[in-house]
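I have placed the structure first, in the form of structure tokens, so that the comments after it can refer back to it.
The values are calculated or read from the model by the stated rules, or taken from the named source; none is laboratory data. Quick caveat, the model's predicted, so the values are computed rather than measured. Every residue, glycine among them, receives a Cβ derived from its backbone with ideal geometry; neighbour counts consider all protein chains shown. The protein model used for the area step is the full one, side chains on, heavy atoms only, and it has no ligands, DNA or RNA in it. Shrake-Rupley method; radii C 1.70, N 1.55, O 1.52, S 1.80 Å.
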Amino acid sequence: MPAWRTISLWMDQLEETLTPRPSLEHDLDVDVLIIGAGYTGLWTAYYLKRHAPELSVAIVEAQTAGFGASGRNGGWLMGNLLGEDRLLADLSAEQRRVSFDLLHGIPDEVKRVIDREGIDCDYRKGGALYCAARYPEQEATMRSYLAKLYAQGLNDADYRWLSRGELAQQIRVAKPYGGIFSTHVATIHPAKLVRGLARAVERMGVQIFEQSPVIQWQPGGARTAKAQVRSRWVVPAVEGYANTLAPLGRYQLPVQSLIVATEPLSPTLWQAIGLSQGQAFSESSRQVTYGQRTADNRLVFGARGGYEFGGRLRENFDLTDSEVELRRYLLGELFPQLKNVQITHAWGGNLGMSRRFQPHMLCDRQHGIALAGGYGGEGVGASHLGGRTLADLILQRDTQEVKQPWVLTKGGLDALKAWEPEPCRWLGYNAIIRSFVYEDKTLANPDSPPWRRHFASRLAGFMEGFMQ
Ligand SMILES: Cc1cc2nc3c(=O)[nH]c(=O)nc-3n(C[C@H](O)[C@H](O)[C@H](O)COP(=O)(O)OP(=O)(O)OC[C@H]3O[C@@H](n4cnc5c(N)ncnc54)[C@H](O)[C@@H]3O)c2cc1C
């Protein structure tokens, strides 16, 4: 059996045997073919069958359900989208409220489904703490971010400023400068969710074929090494693996996120750290960090990873010493008392980044193609919305989901912005990341003179401007 258990802490913790489902050995005719058994593919299948049980739906997966980012992520189930401020900027206040309500409702809708389907995935809606917790400049950045949220019509029922004292009541970091508490985030056990969803859609009549990579696709169907599938609709749901399905790799690049898990921590250590209500947390630097306390009392903590030249997929996620050390260092900055705890698991995965740095949910009725992706590291909730939206688009349901600014129904794949050719992408990505690393090192060093701190922040902010 392939070594799927080693993919992540989450896959390792599953009690099931991970026996592969049958692979696709014969030609197939279905209404909807979904490529990829991660959250996007499975949520699409779920809502299609819920609204139209008569549809025949098949999912063809290269490895096993949850092999991709869905079985590896940090478990933040967020009621928002990457780049939502830009996506919603041109809407009226009323429209924006509708969009926010839709986004904020994601964790609760997921909860309704997992309750209905009996999926136990350690769901806890404890909100999220965005902490200014490593250098003083973070406080000003977080305060101006909060002001932007409020200018868009949100209020303290959505996002609330926490003073140092208030922050310390929830999480005890070494350098608390303040932070933002969001109510719209839940945490989950990623692999239990994806595997539970796969079983749920099978019960609804969806066929899942595993170890069956699609090697070619086009409107009307796809081909694996052994079989041909004909279908009215094709839904490529491969996110970070877009370059396996040309031409999708032009629109979505694989970027890595890398993550570690500690051993289960003692009650005394948890007493010292806090996080007693299941809050997710991040320290708000451009390292894109995210953490959660797991149901078995570990601390799981991740940060942005790299990009490989030519959009090559990283396959080996045995992290290097320096990759583990960076995460250990960041964790130690927040919680010095954890410096010596054992890291039992270290892993990572590929996620999909669109050129506009915002997700899309696209439907091309003429060619029978529907796809969602570009979630850029905020895909646990977004993929749920993506699946729901694709089902509504395919079934022509007149819902709020299909009227959102991230929904593209004209122009087919051309509605997506293509990435620049290499070496521009690689150079651009690395230049931006280097400026972020320089900023982080400068600001984290208390001896950096004010002019250098200012310069480093301005430079990183300027470079970040290209990510739009
Ligand atoms: C380490 C890490 C941490 C993250 N943390 C968070 C987080 O805390 N919160 C959050 O919101 N988001 C997070 N994300 C992002 C989130 O996990 C993803 O956006 C989301 O899981 C994407 O789901 P998906 O179904 O679209 O893609 P995936 O889960 O990647 O599924 C794609 C599937 O397609 C299959 N596939 C690929 N090519 C083919 C082919 N040719 N034929 C057939 N099948 C194919 C793959 O095997 C895979 O199973 C994280 C991502 C990573 C990598």
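Summary table below
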read-out: Residue that is nearest to Leu330 (Cα to Cα), among those in the stretch 257-266 that are touching a residue at least 24 places away in the same chain (Cβ under 8 Å) and open to solvent by 10 Å² or more (accessible area, probe 1.4 Å); value: Ser257
read-out: Filter result (under 30 Å from Gln13 (Cα atoms) and either touching a helix residue (DSSP H, G or I) at 6+ places or on another chain (Cβ under 6 Å) or polar (S, T, N, Q) (or both)) within the stretch 77-109; value: Leu77, Met78, Gly79, Asn80, Leu81, Ile106
read-out: Leading residue by the ranking (nearest to Glu210 (Cα to Cα)) among those in the stretch 66-107 that are in contact (Cβ under 8 Å) with a residue 12 or more places away in the chain and acidic (Asp, Glu); value: Glu84
read-out: Top-ranked residue in the stretch 114-149 [being in contact with a helix residue (DSSP H, G or I) (Cβ under 6 Å, 6 or more places away or on another chain) and part of a helix (DSSP H, G or I); ranked as surrounded by the most Cβ atoms within 10 Å (Cβ to Cβ)]; value: Glu137
read-out: Residue check, Arg230 charged (D, E, K, R) and either at positive phi or outside any helix (DSSP H, G or I) (or both); value: yes
read-out: Helices (runs of 4 or more DSSP H) lying entirely in the stretch 1-113 (those with 1 or more residues that are under 20 Å from Leu393 (Cβ atoms) and under 20 Å from the mean Cα position of the chain (by Cα)); value: 39-51, 84-88, 93-104
read-out: Residue within the stretch 52-65 that is of a type in the set (Ser, Thr, Tyr) and in contact (Cβ under 8 Å) with a residue 24 or more places away in the chain present; value: yes
read-out: The stretch 150-194 - residue that is in a helix (DSSP H, G or I) and within 30 Å of Asp12 (Cα to Cα) and, of those, most open to solvent (accessible area, probe 1.4 Å); value: Lys192
read-out: Those residues of the stretch 33-80 which are near the ligand (Cβ under 6 Å from one of its atoms) and of a type in the set (Asp, Glu), in sequence order; value: Glu61
read-out: Output for the stretch 41-69, where each listed residue is out of contact with any Lys or Arg (no Cβ under 7 Å at 6 or more places or on another chain) and open to solvent by 10 Å² or more (accessible area, probe 1.4 Å); value: Lys49, Arg50, Pro53, Glu54, Ser56, Glu61, Ala62, Gln63, Phe67, Gly68, Ala69
read-out: Which numbered condition Ser285 fails, given (1) part of a strand (DSSP E or B); (2) polar (S, T, N, Q); (3) open to solvent by less than 50 Å² (accessible area, probe 1.4 Å); value: (1)
